[in-house]
Amino acid sequence: MPYCLRMERIDESLTVGQLAQRSGVAASALRYYEQRGLISSVRTAAGHRRYDRSVLRRIAFIVFAQKIGLTLEEVARELSRLPRNRVPAKSHWAALGKVWTSTIDARIAQLEVLRDSLTSCIGCGCLSLRRCKLVNPGDEAARSGPGPREWLRGLPR
């Protein structure tokens, strides 16, 4: 069986095309993630990238983290808690989950506020909705600071 530079079996690893197909993420995005240090590959003697199958879980984490609004910097910070020299164990993912729970809870709270107030005054200063003239006459919310004051009030930081 052919081996790549780290003596891993090539048939158990994935090419960038196979990884893209299995993960649903474009090959160009995968190369970008690798450039940013979010995922890693090994090179064959011919210089071709090969990815361990465990990278699929990291990619799924990246994709869903971005879907809930985390930046790649935040994702990188979270993924840096996982071991780089071996496949993360269930316990590593569980520890990451404990840390990440508060971030997820804060995002859920923000989304609930957004969902529940899309058709009401949010204190943004537009005063275009009839209700805003009653809830925020003369843009009183501006005294609390910039932005949608009702959305920002009481949200976890």
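Data overview
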quantity: Given (1) touching a strand residue (DSSP E or B) at 6+ places or on another chain (Cβ under 7 Å); (2) at pLDDT below 90, index of the condition Q66 fails; calculated: (1)
quantity: Subset of region 110-122 [in a helix (DSSP H, G or I) and either touching a strand residue (DSSP E or B) at 6+ places or on another chain (Cβ under 8 Å) or open to solvent by 50 Å² or more (accessible area, probe 1.4 Å) (or both)]; calculated: Q110, L111, E112, L114, R115, D116
quantity: Subset of region 136-155 [modelled with pLDDT of 80 or more, surrounded by fewer than 16 Cβ atoms within 10 Å (Cβ to Cβ) and either of a type in the set (G, A, S) or within 15 Å of T119 (Cβ to Cβ) (or both)]; calculated: G138, A142, S144, G145, G147
quantity: Residue check for R107: surrounded by 11 or more Cβ atoms within 10 Å (Cβ to Cβ) and out of contact with any Ser or Thr (no Cβ under 9 Å at 6 or more places or on another chain); calculated: yes
quantity: Counted residues, region 94-110 - those being at pLDDT 80 or above and over 15 Å from the mean Cα position of the chain (by Cα); calculated: 4
quantity: Residue among R86, R57, R53 that is in contact (Cβ under 8 Å) with a residue 12 or more places away in the chain, over 18 Å from the mean Cα position of the chain (by Cα) and farther than 30 Å from G145 by Cα; calculated: R53
quantity: In region 100-157, the residues that are touching a Lys or Arg at 6+ places or on another chain (Cβ under 9 Å) and among the hydroxyl-bearing types (S, T, Y); calculated: T119, S120, S144
quantity: Any chance R22 is of a type outside the set (F, W, Y) and under 19 Å from the mean Cα position of the chain (by Cα); calculated: yes
quantity: Failed condition for G125, given (1) free of Cβ contacts under 8 Å to residues at least 24 places away in the same chain; (2) at negative phi; (3) surrounded by 11 or more Cβ atoms within 10 Å (Cβ to Cβ); (4) not aliphatic (A, V, I, L, M); calculated: (2)
quantity: Counted residues, region 19-50 - those being assigned to a loop (DSSP other than H, G, I, E, B), within 17 Å of V63 (Cα to Cα), open to solvent by less than 30 Å² (accessible area, probe 1.4 Å) and free of Cβ contacts under 8 Å to residues at least 40 places away in the same chain; calculated: 2
quantity: Region 56-105, residues that are charged (D, E, K, R) and in a helix (DSSP H, G or I); calculated: R57, R58, K67, E73, E74, R77, E78, K90, K98, D105
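The values are calculated or read from the model by the stated rules, or taken from the named source; none is laboratory data. Remember, it's a predicted structure, so these values are computed and weren't measured experimentally. As a convention, Cβ positions derive from the backbone with ideal geometry for all residues, glycine included, and neighbour counts pool all protein chains shown. Each accessible area value is taken on the protein alone, full model and side chains, heavy atoms only, with ligands, DNA and RNA left out. Shrake-Rupley method; radii C 1.70, N 1.55, O 1.52, S 1.80 Å.
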